[in-house]
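Quick notes on the structure that follows.
The values are calculated or read from the model by the stated rules, or taken from the named source; none is laboratory data. Predicted model only: the values in this text are computed from it and were never measured. Every residue, glycine among them, receives a Cβ derived from its backbone with ideal geometry; neighbour counts consider all protein chains shown. SASA here: full protein model, heavy atoms, side chains in, ligands and nucleic acids out. Shrake-Rupley method; radii C 1.70, N 1.55, O 1.52, S 1.80 Å.
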Amino acid sequence: MWNTFSVNKEDIWVSRTHVPITDTVDQHVDQNFESVSDIAQLELWNLYVPKWAPISIVEDPAGNGNHCLELRDEEPYDYARVERIFPASKKVEVSFRVFVQQVGQAALDVEVQGPRGQRPMRLRFDPDWLSLDRDRIDPRPVRITTGKWLNIRLRLDCDDRSYALWVNGREIDDDIKFAEKVDSLQRLVFRTGPW
């Protein structure tokens, strides 16, 4: 289904929506991009792609011959965003790999959100640091290096209102408090700028 709409009474946007429209899924995500050649094949992903913040499937920047999802952002007032829903869960473990090639004015934000977009946690990848949580200065950022793959693992628990974080197999913290209460978690979001 194709949709057209205006943003702030100025820009005209065109969007494509996969049908049938679903708001839930039955299986947890186990996604790689090896068999994907174009973002149109990402049927269960929601993509927000402004003209100056393209999203594409590209060769691994480290030269390993794999494919990966690339988010670029040259847009001073907007961001690129990809999100993937998973079955609503009180406890969930999420793992992914990130290759931060270059960070300009905006950083890469990663969030695991609730069903209504609640944001109990955020990871922010700046040029030299991975910081935790949001809306406050992180007293314990993790030093990172651009141009290398980072393996990130999160274990989130809505009952304890906390999460644990591992970077490249090293446990950073096992009791990072949620920024806000949420009853369940349902989506993983990657965004090239602040919410």
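Tabulated values for the structure
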| read-out | value |
| --- | --- |
| Matching residues, segment 148-192, being within 22 Å of L44 (Cα to Cα) and either in a loop (DSSP other than H, G, I, E, B) or out of contact with any Phe, Trp or Tyr (no Cβ under 6 Å at 6 or more places or on another chain) (or both) | S184, L185, Q186, R187, L188, V189, F190, T192 |
| Options E93, E171; residue that is over 24 Å from A80 (Cβ atoms), open to solvent by 60 Å² or more (accessible area, probe 1.4 Å) and either hydrophobic (A, V, I, L, M, F, W, C) or under 15 Å from the mean Cα position of the chain (by Cα) (or both) | E93 |
| Tally, over segment 20-38, of residues that are open to solvent by less than 100 Å² (accessible area, probe 1.4 Å) and either assigned to a strand (DSSP E or B) or of a type in the set (A, V, I, L, M, F, W, C) (or both) | 4 |
| Long-range neighbours under 9 Å by Cβ, at least six apart or interchain, first residue in contact (Cβ under 8 Å) with a residue 40 or more places away in the chain and over 12 Å from Q102 (Cα atoms) within segment 141-152, second open to solvent by 70 Å² or more (accessible area, probe 1.4 Å) and among the polar types (S, T, N, Q) | W149/N64; W149/N168; L150/N168; N151/S95; N151/N168; I152/S95; I152/N168 |
| Test result for Q27, within 15 Å of R187 (Cβ to Cβ), modelled with pLDDT of 85 or more and over 18 Å from the mean Cα position of the chain (by Cα) | yes |
| The one condition in (1) of a type outside the set (D, E); (2) in contact with a strand residue (DSSP E or B) (Cβ under 6 Å, 6 or more places away or on another chain); (3) assigned to a loop (DSSP other than H, G, I, E, B) that T4 fails to fulfil | (3) |
